[in-house]
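Peer 1: Sharing a structure here in structure tokens format.
The values are calculated or read from the model by the stated rules, or taken from the named source; none is laboratory data. This is a predicted model, so every value here is computed, not measured. Every residue, glycine as well, gets a Cβ built from its backbone with ideal geometry; the counts of neighbours run over all protein chains shown.
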Amino acid sequence: MFCCLRTCFNGELRTPVAAQRPREPDIQLDTANMGHEVVIVKNGKRLCGSGGALATAPLVQSKSYFEVKIQQSGMWAVGIATRQTDLNKTRGGSDKDSWTLCSDNTIRNNDQTLLTIKGIEQSTASIITDESLASVVTTEPMQHTCLPSEGDTIGIAYDHVELNFYLNGKNLEVPVLNIKGTVYPALYVDDGAILDIILDNFSFSPPAGFDKIMIEQSLL
């Protein structure tokens, strides 16, 4: 019988090899779903030009999180959108299929302002050095408001009930509700703005229970 088996395998008895799961494709900005005047560079992670772009994977898991860094100021918008949105528009939230935080500090959908953000209150202490006494005097903390600007990182968290935005890890407390359809990360730029999408190795910890975007097959 051994000879018969050898004949069937043309003289080779091969050791069974376990089937390997194909490597999941990297999620990035989608060159097949972007505006005509948009430029995507840096291995699909940077958006510049004029218009919008979606990411290659939808937000299908229960709690998704990603970040966008404002590399250069200008007119920009970040958030989520369906594939029916008009990516040739330079302003996110200009149609019913996109929900975005915009550079004018508004949250928009269907070309309407849903909310206006007031920023994050932060405390700073003024330090005065008294040379005659060789001492340092710290005054009472001063409050100032921080709004998104160049160099900042905006976090986007979506759980199919609420869309929330974070500024450098702090919740802006402006939840957006009533979002419908299959949505994707959406970035828009104009007037010199440059945005980088961050899909892992986040700058700030995601909210409790949230994780990086996973493609559908990895959820099985």
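Peer 1: Restricting to region 176-194, and then to whatever is aliphatic (A, V, I, L, M) and out of contact with any Pro (no Cβ under 7 Å at 6 or more places or on another chain), can you tell me which residue is surrounded by the most Cβ atoms within 10 Å (Cβ to Cβ)?
Peer 2: VAL189
Peer 1: Still on this structure, please answer the following. Could you check how many residues of region 96-119 are without any contact (Cβ under 8 Å) to a residue 24 or more places away in the chain and within 20 Å of HIS160 (Cβ to Cβ)?
Peer 2: Within region 96-119, residues that are without any contact (Cβ under 8 Å) to a residue 24 or more places away in the chain and within 20 Å of HIS160 (Cβ to Cβ) number 2.
Peer 1: So in region 21-39, with the set limited to residues that are outside any strand (DSSP E or B) and modelled with pLDDT of 95 or more, which one is farthest from ASP196 (Cα to Cα)?
Peer 2: Here the answer is HIS36.
Peer 1: When you check ASN201 against the structure, is it of a type in the set (S, T, N, Q) and closer than 11 Å to TYR65 by Cα, yes or no?
Peer 2: Answer is no for this residue.
Peer 1: Just the residues that are touching a Cys at 6+ places or on another chain (Cβ under 8 Å) and outside any strand (DSSP E or B), please, taken from region 153-172.
Peer 2: Result: ASN168, single match.
This table checks each residue for (1) surrounded by 16 or more Cβ atoms within 10 Å (Cβ to Cβ); (2) in contact (Cβ under 8 Å) with a residue 12 or more places away in the chain; (3) part of a loop (DSSP other than H, G, I, E, B).
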site	(1), (2), (3)
VAL174	yes, yes, yes
ASP196	yes, yes, no
ASN201	no, no, yes
PRO206	yes, yes, yes
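Peer 1: If we only count strands (runs of 3 or more DSSP E) wholly inside region 40-119, which ones have 1 or more residues that are at pLDDT 95 or above, touching a Lys or Arg at 6+ places or on another chain (Cβ under 9 Å) and at positive phi?
Peer 2: 46-55, 75-81
Peer 1: Another question, if that's okay. Within region 2-13, is even one residue surrounded by 19 or more Cβ atoms within 10 Å (Cβ to Cβ) and either over 26 Å from SER203 (Cβ atoms) or modelled with pLDDT of 95 or more (or both)?
Peer 2: no
Peer 1: Do you know which residues across region 46-88 are charged (D, E, K, R) and either closer than 18 Å to ASP196 by Cα or without any contact (Cβ under 8 Å) to a residue 60 or more places away in the chain (or both)?
Peer 2: ARG46, GLU67, LYS69, ASP86
Peer 1: Let me ask another. Does region 30-51 contain any residue that is surrounded by 21 or more Cβ atoms within 10 Å (Cβ to Cβ), within 22 Å of HIS160 (Cα to Cα) and not β-branched (Val, Ile, Thr)?
Peer 2: Within region 30-51 (the criterion being surrounded by 21 or more Cβ atoms within 10 Å (Cβ to Cβ), within 22 Å of HIS160 (Cα to Cα) and not β-branched (Val, Ile, Thr)), the answer is no, since none of the residues qualifies.
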